[in-house]
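Okay, structure first, notes after.
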Ligand code: SAM
């Protein structure tokens, strides 16, 4: 059986030792070597049989093994660090042609062009570029993924799922929740990684809404202005946007039933979407 082949590989700890794979901090490398944990993450993406998965930053391949063991039909592993090509190839040798490894910067790789639908993205993302990758994937047109299971540092994960009134509520929550339903699956303590990072991590799951909000660019612009001056009332922080789009600020806010003295963290996602729509159709 193919899964037995993968199980016969040396342990991840042995693989890391045999290939002399020290972590490179510049590439945000913190490895998960506990297969119970990688399986717990992969399980969030069930069912995997019949699905195609892109994994960004497979590193030594713990999550890669788990995704293959859970039956991913095809797994596209995108890794920037050449040192991992050999250990990943060892997994590929046991995967019956289901693993394709690409050496390169995932920010520059067109996942949809390389992997047929239905697609999922599952990754323990590098901290330094994780948020940028997330924004790229939620801004893609059309949305090319049917689910994303992503590990971030916990503070970023909280900013994805935050609700109005939460400290973490802001631009990232509004952009993500305008595209997908988002939930926090579980925390992963720093000590679970080799080497341990300074902060804890968490896994979030995103599934596209039936009708994702289309104009994330203007939504990003409005939320950046509103939350850039969090403590200010909206009539102060949105002044420059009203000017840019030639709108009378009070009329614009009133058309969206928004109190000009409100602060941004009190408004639901829908109010920010209304602000965008009323720019286009006053
Ligand atoms: N998935 C592995 C695990 O859980 O043990 C490694 C996770 S580590 C947090 C992030 C991985 O992303 C590293 O292997 C790093 O080399 C890789 N990486 C960093 N920047 C990348 C980029 N722009 N494109 C592809 N991989 C990248």
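The values are calculated or read from the model by the stated rules, or taken from the named source; none is laboratory data. It should be emphasised that the depicted structure is a prediction, and the values quoted were computed from it without experimental measurement. FYI the Cβ positions are ideal-geometry reconstructions off the backbone, even for glycines, and counts take in every protein chain you see.
Please state which of the following conditions residue 13 fails to meet, knowing it meets all the rest: (1) within 9 Å of the ligand (Cβ to nearest atom); (2) modelled with pLDDT under 95; (3) assigned to a helix (DSSP H, G or I); (4) over 21 Å from the mean Cα position of the chain (by Cα).
Looking at each condition in turn, residue 13 falls short on (1).
When the residues of the range 146-160 are filtered to those that are touching a helix residue (DSSP H, G or I) at 6+ places or on another chain (Cβ under 7 Å) and more than 14 Å from the ligand (Cβ to nearest atom), which remaining residue is nearest to residue 40 (Cα to Cα)?
Residue satisfying both the conditions and the ranking: 148.
In this structure, is residue 96 closer than 29 Å to residue 11 by Cβ and away from the ligand (no atom under 15 Å from the Cβ)? Before you say what the answer is, go through the steps one by one.
Numbers: closer than 29 Å to residue 11 by Cβ: yes; away from the ligand (no atom under 15 Å from the Cβ): yes.
So residue 96 passes the test.
Checking the condition closer than 28 Å to residue 245 by Cα and either surrounded by fewer than 22 Cβ atoms within 10 Å (Cβ to Cβ) or without any contact (Cβ under 8 Å) to a residue 60 or more places away in the chain (or both), which residue from 222, 174, 138 passes?
Details: 174 fails: either surrounded by fewer than 22 Cβ atoms within 10 Å (Cβ to Cβ) or without any contact (Cβ under 8 Å) to a residue 60 or more places away in the chain (or both); 138 fails: either surrounded by fewer than 22 Cβ atoms within 10 Å (Cβ to Cβ) or without any contact (Cβ under 8 Å) to a residue 60 or more places away in the chain (or both).
Within the list 222, 174, 138, the selection yields 222.
For the range 29-129, list the strands (runs of 3 or more DSSP E) that sit wholly inside it and hold at least 2 residues that are in contact (Cβ under 8 Å) with a residue 60 or more places away in the chain; which are they?
On the way: elements: 52-56, 74-79, 99-103, 119-124.
Those strands (runs of 3 or more DSSP E) span 52-56, 119-124.
Having 1 or more residues that are under 30 Å from residue 44 (Cα atoms) is the bar; report the helices (runs of 4 or more DSSP H) wholly within the range 207-253 that clear it.
Values: elements: 216-228, 234-237, 239-244.
It comes to 216-228.
Tell me whether the range 134-145 contains one or more residues that are modelled with pLDDT of 95 or more, within 10 Å of the ligand (Cβ to nearest atom) and either in the same structural domain as residue 15 (by TED's automatic domain parsing) or at positive phi (or both).
Checked the range 134-145: no residue is modelled with pLDDT of 95 or more, within 10 Å of the ligand (Cβ to nearest atom) and either in the same structural domain as residue 15 (by TED's automatic domain parsing) or at positive phi (or both).
Taking residue 111 as the residue in question, decide whether it is closer than 19 Å to residue 51 by Cα and within 11 Å of the ligand (Cβ to nearest atom).
Details: closer than 19 Å to residue 51 by Cα: yes; within 11 Å of the ligand (Cβ to nearest atom): no.
So residue 111 fails the test.
Listed residues 217, 154; which is out of contact with any strand residue (DSSP E or B) (no Cβ under 7 Å at 6 or more places or on another chain), at negative phi and either modelled with pLDDT of 95 or more or in the same structural domain as residue 121 (by TED's automatic domain parsing) (or both)? It would help to see each step written out before you state the result.
Numbers: 154 fails: out of contact with any strand residue (DSSP E or B) (no Cβ under 7 Å at 6 or more places or on another chain).
Selected residue: 217, the only one of 217, 154 that is out of contact with any strand residue (DSSP E or B) (no Cβ under 7 Å at 6 or more places or on another chain), at negative phi and either modelled with pLDDT of 95 or more or in the same structural domain as residue 121 (by TED's automatic domain parsing) (or both).
On the basis of being under 23 Å from residue 133 (Cα atoms) and buried (at least 20 other Cβ atoms within 10 Å of the Cβ), does residue 56 make the cut?
So residue 56 fits the description; yes.
Evaluate the range 18-28: report whether one residue or more is within 13 Å of the ligand (Cβ to nearest atom), farther than 24 Å from residue 152 by Cβ and touching a residue at least 24 places away in the same chain (Cβ under 8 Å). So that I can check it myself, show each step before the final result.
Let us first name the residues in the range 18-28 that are within 13 Å of the ligand (Cβ to nearest atom), namely 19, 21-28.
Then drop every residue that is not farther than 24 Å from residue 152 by Cβ, which leaves 19.
Checking which are touching a residue at least 24 places away in the same chain (Cβ under 8 Å) leaves us with 19.
Yes - at least one qualifying residue is present in the range 18-28.
Give the residue, chosen from 117, 123, 112, that is surrounded by fewer than 21 Cβ atoms within 10 Å (Cβ to Cβ) and within 17 Å of the chain's Cα centre (by Cα).
Numbers: 117 fails: within 17 Å of the chain's Cα centre (by Cα); 123 fails: surrounded by fewer than 21 Cβ atoms within 10 Å (Cβ to Cβ).
That would be 112, the only listed residue that is surrounded by fewer than 21 Cβ atoms within 10 Å (Cβ to Cβ) and within 17 Å of the chain's Cα centre (by Cα).
For residue 6, all conditions in the list (1) exposed (fewer than 14 other Cβ atoms within 10 Å of the Cβ); (2) assigned to a helix (DSSP H, G or I); (3) touching a residue at least 24 places away in the same chain (Cβ under 8 Å) hold save one; what is the number of the exception?
Residue 6 satisfies all of (1) exposed (fewer than 14 other Cβ atoms within 10 Å of the Cβ); (2) assigned to a helix (DSSP H, G or I); (3) touching a residue at least 24 places away in the same chain (Cβ under 8 Å) except (1).
Hey, can you tell me all the residues within the range 75-87 that are over 19 Å from the mean Cα position of the chain (by Cα) and surrounded by 20 or more Cβ atoms within 10 Å (Cβ to Cβ)?
To start, the set of residues in the range 75-87 that are over 19 Å from the mean Cα position of the chain (by Cα) comprises 81-87.
84, 87 - these are the residues of the range 75-87 that are over 19 Å from the mean Cα position of the chain (by Cα) and surrounded by 20 or more Cβ atoms within 10 Å (Cβ to Cβ).
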